[in-house]
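Before any comments, here is the structure.
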Amino acid sequence: MNGFAGTGRLVRLALWRDRLVIPAWVLGMGAFLVATTAMFQEQYARHPALLEPDTRIVVENPGMRVLGLVTGPHVGGYTLHRDALVLAVLAAMMSVLAVVRHTRQAEELGREEMLRAGAVGRYSSLMAAVIVALAANLVLAALLGLGMVVAGQPVAGSVIAGASIASVGIAFTGVAAVTAQLSSTARGATGLSSAALGLAFLLAALGNMLGTVDSAALRVTSAWPAWLSPIGWGQQMRPFADNLWWPLGLSLPATTVLFGMSVVLAGRRDVGRGLLPERRGAPHATPALSSPIGLVRRQQRAVLLGWAIGLLGFGLVFGALSAQIEGLEGEATEWYAAFGGDAGLLGAYWASMMQIAGMAVAVYVVTLLLRLHHDEAQGMLESVLGTAVSRLRWLGAYAVNALVGATLLILVFATAMGVTGGQALGGTVSLLRDLFGAALVQLPAIGTLGAAVVVLITALPRWSVGLSWALTVFTIFAGPMFGPSLDLPTWLLDLSPFTHVPNAPAEAVGVGPILGLGLTCALLAVAGMSLLRRRNLTLPA
Amino acid sequence: MRAAVKLVIEEVIPVATAITISGLVKDFGPRSRALDALNLQVRTGEVHGFLGPNGAGKTTTIRVLLGMLRADAGRVSVLGGDPWRDAVALHRRLAYVPGEVNLWPNLTGGEAIDLLGDLRGGLDADRREALLERFQLDPTKKIRAYSKGNRQKVALVAAFSSDVELYLLDEPTSGLDPLMESVFQDVVQELRAAGRSILLSSHILSEVEALCDRVTIIRAGRAAESGTFDELRHLTRTSVVVDTAVPPTSVARWRGVHDARVHDSHAEFSVDPGELNNVLEHLVGLQVRSMITSPPTLEELFKRHYGEDTVPARGSGAEVVTSR
Ligand SMILES: Nc1ncnc2c1ncn2[C@@H]1O[C@H](COP(=O)(O)OP(=O)(O)OP(=O)(O)O)[C@@H](O)[C@H]1O
Ligand SMILES: [Mg+2]
């Protein structure tokens, strides 16, 4: 077992390095679940008669089934329909980032080399990273379970709920262990894992949308795609209703297999390298590369392609489901009616899907803009600003790429949804026109979040990554998908740019909100620019 | 007050300076002052060595010269401009090799060289090819696949491919093999012959001695010394080894003598500049049989300026300064 020598010491190192990050993730998720559970608990304690009809709304509505799996009228289950997907994605990302941080990133930065020069085995860092991520997920499971109990839910269901969310984190610990071997960069490893997460979400969402509803309209039985996804496996534990443990019999062996694969792969490759061979490249830069804009585009193109493929897939699926929405009846109609006024169910469905896509694109923009900070902290910026490129031009290169990328992605989604939606319902051309309009009105809100992130990067460079993600999560939760049902106060909802996005194509687009968002975006951008011009660069010492 | 000081300085500065720094202060926090009233002048057309122990403030100074850090106090002028305000215009006229070369791992060396050249406002294609040849650099490899020395060469070729007035080089040869080191020295000599100005921060004393017209030694954020090598030598102790007929037992008590070691009629010690004559008067009385005096070696010179209190006499087994 020499390959694992020194693992214990590396576990301690990793725990020490993560002493703030992992508790922040775990406590944040716990606090979110406790707060929302307590809120729904109190709401349905006051109006117990509403629980069944509310449950029916989310059961009968395929669009709502995307978010989660419902099993009977339970406050805990209803809360999880709102929270579980987000928590599962967060648990997966926590695990992926932890594993990559202690494996591929350490290699990329040359730290692994220093460690391996000691009495440290070939697999020790991988093993230590996996142990730390698994431990984080166990703590997460316990904390989430405890939180739901504290918020007044039955013990058995609460424990299952915590385990079901942590099981997704555990499965993605295995996924990240493999992707960290495949890609030679931390960014690439995280990207591959995120792609797997997107696929897992798509499969679970598809399985639930295409699932069957029982006669009381209180329970969904998922279709087969859900059974191919770790997110789906977690949902099949059906907390607060069936309380099943056996789906863990899918995710835990899958994790073990993935870990085994990662060890085999790690044994076959050199430190610091991926499994793909290193190819030669062009001896000269093309004119397209030789500008700040071109450089950013080049750095970003693989990521953008990945996002485009993802949004294309989601667009095709959600468009095809338009036919089901049209056939919708019963209580689910009310939800869409609330969303889209009286402009018809389909319009409201498209509006809500477009807004979800808008938020996803906003996440892409945030990842892109955070590279500004990465360039600065890693020292690439030093070489660029040593030439005749001004700080503002550098910032501008990112802004242009963000704008073009966001426009492209949202239009890809709209096109995909229009094509399959048109196939299902007819009238492709006019549908595409409507959806393009609805896509473009997302941009001012995306831009506003992006400009706020730029302000964070320029004002508080060292804290900008964490703060930017916190801000992003907040704006999404205070936005139209979650905000109103979370009972947040209006002023808080108004702080999210997504709250102000018009419900196109369901409703006519007002000029007011677009102008307001555009102005806010511009003001933030100007603030960011003037801050960047004034401050010192935080280059590596 | 500031305005008055500034006027005086401007009168003193000759026109032909590439870089002028006076009274430069840079703080990184309430109690961490990186530069403390630093003065530095690089004349047009000279190669100026910039030396000092680790953490002395060399990289910080160069980043202020590039407008990446803002001076907290003092006056800085690069090619007649203000590096903070006129950064872009000035950067068209200078090239920079950073101390730590961090480039984009997924670009090839050739792409990075072209990119940086274009961003500076264009590079000379012939020069680029000639430099690739001389430095034996393969431009088709990805940056992440280069060895440390080859990554350093990418930065050097990128900087030298542009014909500019001023080159700012921060430890430019770290990681180069001796052959490449000599190619680097040749290129710098050629640039100097062509009248270009160069600020060269380095820990390699032989390189500094071979290339630099003048040097500035910085210590704890202040210029400890500045001048040509000869000037610096005059400021430093001379080593003396002497045999006398009368045992030189009182050597250690003479004015200006340090590190004296006496063995029978043999003595080794070092003498402060300006005290040599006084020591000779003493020695005459002891009837000198043989005597060797030697100027300080480079290592001794720097060791003294880098902050060691005592400078051991020659041959005492002192370590050579090779801190990097
Ligand atoms: N970003 C920063 N934040 C805080 N302190 C810094 C920062 N950059 C530099 N310093 C401090 O400023 C001082 C000067 O550092 P600098 O990098 O200029 O030294 P140097 O002379 O280049 O050293 P070396 O020979 O090791 O390269 C050091 O004490 C360093 O710790
Ligand atoms: Mg330095």
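So here's what we get for this one:
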| item | result |
| --- | --- |
| Checklist (1) open to solvent by 10 Å² or more (accessible area, probe 1.4 Å); (2) within 11 Å of chain A (Cβ to nearest Cβ); (3) small (Gly, Ala, Ser) applied to residue B:80, failing item | (2) |
| Some residue of the range A:364-380 being touching a helix residue (DSSP H, G or I) at 6+ places or on another chain (Cβ under 6 Å), open to solvent by 10 Å² or more (accessible area, probe 1.4 Å) and either within 22 Å of residue B:92 (Cβ to Cβ) or among the small types (Gly, Ala, Ser) (or both) | no |
| The range A:290-328, residues that are within 14 Å of chain B (Cβ to nearest Cβ) and more than 25 Å from residue A:363 (Cα to Cα) | A:290, A:291 |
| Matching residues, the range B:45-67, being more than 9 Å from ligand 2 (Cβ to nearest atom), of a type in the set (A, V, I, L, M, F, W, C) and under 18 Å from residue A:379 (Cβ atoms) | B:64, B:65, B:66 |
| Filter result for residue B:65 (within 11 Å of chain A (Cβ to nearest Cβ), crowded, with 24+ Cβ neighbours inside 10 Å and not hydroxyl-bearing (Ser, Thr, Tyr)) | yes |
| Verdict on residue A:406 being touching a Pro at 6+ places or on another chain (Cβ under 6 Å) and either open to solvent by 10 Å² or more (accessible area, probe 1.4 Å) or more than 14 Å from chain B (Cβ to nearest Cβ) (or both) | no |
| Selected residue [within 16 Å of ligand 1 (Cβ to nearest atom) and assigned by TED's automatic domain parsing to the domain that holds residue B:184] from B:133, B:111, B:100 | B:100 |
| Qualifying position, being more than 10 Å from chain A (Cβ to nearest Cβ) and either within 16 Å of ligand 2 (Cβ to nearest atom) or open to solvent by 10 Å² or more (accessible area, probe 1.4 Å) (or both), among B:75, B:70, B:120, B:92 | B:75 |
| The listed residue being within 30 Å of residue A:345 (Cβ to Cβ) and either open to solvent by less than 30 Å² (accessible area, probe 1.4 Å) or within 17 Å of the chain's Cα centre (by Cα) (or both), out of A:50, A:69, A:10, A:33 | A:69 |
| Single match in A:539, A:471 (criterion: within 16 Å of ligand 2 (Cβ to nearest atom), hydrophobic (A, V, I, L, M, F, W, C) and crowded, with 16+ Cβ neighbours inside 10 Å) | A:539 |
| Top-ranked residue of the range A:272-324 - restricted to ones that are in a helix (DSSP H, G or I) and charged (D, E, K, R), ranked as least open to solvent (accessible area, probe 1.4 Å) | A:298 |
| Hey, residue B:201 under 18 Å from residue B:214 (Cα atoms), among the small types (Gly, Ala, Ser) and within 16 Å of ligand 1 (Cβ to nearest atom) or not | yes |
| In the range B:28-52, the residues that are near ligand 1 (Cβ under 9 Å from one of its atoms) and open to solvent by 30 Å² or more (accessible area, probe 1.4 Å) | B:28, B:32, B:33 |
| Residues being more than 15 Å from residue A:392 (Cβ to Cβ) and of a type in the set (Ser, Thr, Tyr) - total across the range A:517-541 | 2 |
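The values are calculated or read from the model by the stated rules, or taken from the named source; none is laboratory data. Just so we're clear, the structure is a prediction, and the values are computed from it rather than from any experiment. Methodologically, a virtual Cβ is constructed for each residue, glycine included, from the backbone with ideal geometry; neighbour enumeration extends over all protein chains shown. Only protein heavy atoms, including side chains, enter the accessible area calculation; ligands, DNA and RNA are left aside. Shrake-Rupley method; radii C 1.70, N 1.55, O 1.52, S 1.80 Å.
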